[in-house]
Amino acid sequence: MSFVSHVECTICSARHDAKRLLTVCEKCGQMLAVRYDLARVKASVTKDMLRQRAAGMYRLRELTPLDDAEEPVTLGEGGTPLLALPRLAAHLGMKKLWAKDEGQNPTGSFKARGLGMAITRSRTLGARGFVIPSAGNAGGAAAVYAARCGLPCVVIVPRGTPPAAIAEAQIAGAHVFTIEGSIATAGRVVAKVAPQLGWFDLSTLKEPYRLEGKKTIGLELAEQLDWRMPDLLLYPTGGGTGLVGIPKGYEELRAMGWLSGELPRFFAVQAEGCAPVVKAFVEGAETTTAWDSPTTHAAGLRVPSPFAGRQMLRLLRDTRGGAVAVSEQAIQEAQRLVARTEGIWTAPESAALVAALALLKERGEAVRDAEIMLIFTGSGLKYEPPPLAAPTDLAGTDEQVVAQVRRVAGA
Ligand SMILES: Cc1ncc(COP(=O)(O)O)c(C=O)c1O
Ligand SMILES: [Zn+2]
């Protein structure tokens, strides 16, 4: 028994049987979402009960799609810290900045949540192998969770994907393929090959389970901020799982009476070299159109035609949020700034959020006195570092070396 009532299409509302292994809406081909009997969840768990439970993605298990006895395929994902960023806030001239540091997940990114949940649930419902197109982190996470439950996995990534993510998938035993183009090219191959292999297609939001993992970021944020929501929330947007998932978590808690007030204003942050959501938002379009020749070093943002464009744009408008594109140089500078001021080497995707804050301030958005949440989606350790000065090479006698250190360090 779970608290799931059904699975519903996010566009045409068609109901689907939650006990079957599902992909996209069988009526209109759009994205599906799991729905819960929230009154029954509310009657079964209290905030006090929650406080007694272990940290992690399954802490509020009633709001996950797992059956009663279902064992999650887990490496301890979730339960990441919410970090105040006072030094960065002071540097930017802002009052309150928070980061949810998702780089502390297994596999070093928030993809652990989505893929952990998707592999858990789809395996229970009959999946016997997995196929995924990825910009890097999702493929690494899929491979790791597939290994964790002893099932095979195919990962297809564009050429130029960060080597650490490829190695992570390979060492976990996945079959890794690189292809010219972007995640969209990889996705087209996956759509064709998955049914031929008879394995489950884990493409972003083309199955309803990954979203339930990403949603747990919202559940955790609500509890960590003592059942309040921030004024603004910035999210580095590729396929948009978090941009759809985090508000889903907030809305479910709101429907249970655990949270009150308005949703935060959501902002999608993209790179100038691949900004289909920003373009569609600025043009007032209902959905995104494919971005030609996507380029950015923030690999997770190189998604030229996100499947859930319509759902993301709806959220940005409904919450009076926005969409911002930042340059490669601004991303690199922000990466160094965050590490220097707060000690967090965050991924280029999430460093983009800090670059976007400066732009929002310039545009006159009310950021100075707002409580702002940044989703730091991954660790910088899996990427080529931004340009840094070479370390000073020491040589000579002990005295010479000591003098050299003193001169450089200024002591
Ligand atoms: C570190 C990082 N941040 C952000 C993203 C974008 O996430 P989403 O596809 O949910 O928009 C990715 C996706 O690969 C990522 O790896
Ligand atoms: Zn539909």
Checklist entry - Given charges of +1 on the Cβ of Lys and Arg and -1 on the Cβ of Asp and Glu, with all other atoms neutral, how large is the dipole of the chain about its Cα centre, in debye to the nearest 20? => result 600 debye
Item to check | Per-selection Kirkwood Rh - the chain (Cα, Å, 1 d.p.) | outcome: 21.7 Å
Checklist entry - Tell me, what HN-Hα J-couplings in whole Hz come from the Karplus equation 6.51 cos²θ - 1.76 cosθ + 1.60 at θ = phi - 60° for each residue of the range 76-83, using x for Gly and Pro? => result x, 5, x, x, 6, x, 9, 10
Checklist entry - Taking a probe of 1.4 Å, how large is the accessible area per residue of the chain, in Å²? => result 42 Å²
Checklist outcome for this item: Farthest towards the positive end of the dipole of the chain, among 358, 198, 157 and with Cβ unit charges of +1 on Lys and Arg and -1 on Asp and Glu, lies the Cα of 198
Checklist entry - Residue-wise, which Karplus ³J(HN,Hα) couplings in Hz belong to the range 247-263, taking 6.51 cos²θ - 1.76 cosθ + 1.60, θ = phi - 60°, and x for glycine or proline? => result x, 4, x, 4, 5, 5, 5, 5, 5, 7, x, 8, 9, 10, x, 6, 5
Checklist entry - What percent does the relative contact order of the range 236-373 come to when contacts are Cα pairs within less than 8 Å and at least six residues apart? => result 26 percent
Checklist outcome for this item: In the range 272-366, taking the dipole from +1 charges on Lys and Arg beta carbons and -1 charges on Asp and Glu beta carbons about the Cα centre, the listed residue (334, 347, 319) farthest towards the positive end is 319
Item to check | Amide H contacts under 5 Å for residue 271, placed H, 5+ residues apart | outcome: 326
Item to check | Flagged links, alpha-carbon separation over 18 Å, of 111/206; 111/215; 215/248; 111/279; 214/279; 279/361 | outcome: 111/279; 214/279; 279/361
Item to check | Assigned charges on the beta-carbon of Lys, Arg, Asp, Glu; the range 75-171 dipole about Cα centre (debye) | outcome: 220 debye
Item to check | Protein-only accessible surface order, largest first, of 111, 215 at 1.4 Å | outcome: 111, 215
Next on the checklist: Suppose we look only past 18 Å in the calculated P(r) of the range 35-103. What percent of the Cα-Cα pairs does that tail hold?
Outcome noted: 57 percent
Item to check | Only Lys, Arg (+1) and Asp, Glu (-1) charged, at Cβ; the range 302-367 dipole about Cα centre in debye | outcome: 240 debye
Checklist entry - Please state the Cα pair-distance histogram of the range 355-411 with 10 angstrom bins from zero: what percent is in each bin? => result 16, 23, 20, 23, 15, 4
Checklist outcome for this item: Once normalised by the length of the chain, the mean sequence separation of its alpha carbon contacts under 8 Å that are 6 or more apart gives a contact order in percent of 16 percent
Item to check | Charge dipole of the chain about the Cα centre (unit charges at C-beta), most positive-ward option of 147, 383, 16 | outcome: 16
Checklist entry - Relative contact order for the range 21-156: what is it in percent, counting Cα pairs under 8 Å that are at least 6 residues apart? => result 19 percent
Checklist outcome for this item: Along the range 172-187, Karplus-curve 3J(HN,Hα) (6.51, -1.76, 1.60; θ = phi - 60°) to the nearest Hz, with x for Gly and Pro, reads 7, x, 6, 8, 9, 10, 10, 9, 5, x, 10, 4, 5, 5, 4, x
Next on the checklist: Just to confirm the filter: which trypsin sites (Lys or Arg not before Pro) across the range 1-91 are DSSP coil and have at most 14 other Cβ within 10 angstrom of their Cβ?
Outcome noted: 19, 20, 27, 53
Item to check | Estimated [θ] at 222 nm from DSSP helical runs (n ≥ 4, -39500 (n - 2.57)) normalised by residues in the chain, nearest 500 | outcome: -12000 deg cm²/dmol
Next on the checklist: Computing the accessible area with a 1.4 Å probe over protein heavy atoms, can you report the carbon and sulfur percentage for the chain?
Outcome noted: 52 percent
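The values are calculated or read from the model by the stated rules, or taken from the named source; none is laboratory data. Keep in mind that what you see is a predicted model, and the values were worked out from it rather than measured. So basically every Cβ, Gly included, is an ideal-geometry build from the backbone, and we count neighbours across all protein chains shown. Heavy atoms of the whole protein, side chains included, go into the accessibility calculation; ligands, DNA and RNA do not. Shrake-Rupley method; radii C 1.70, N 1.55, O 1.52, S 1.80 Å.
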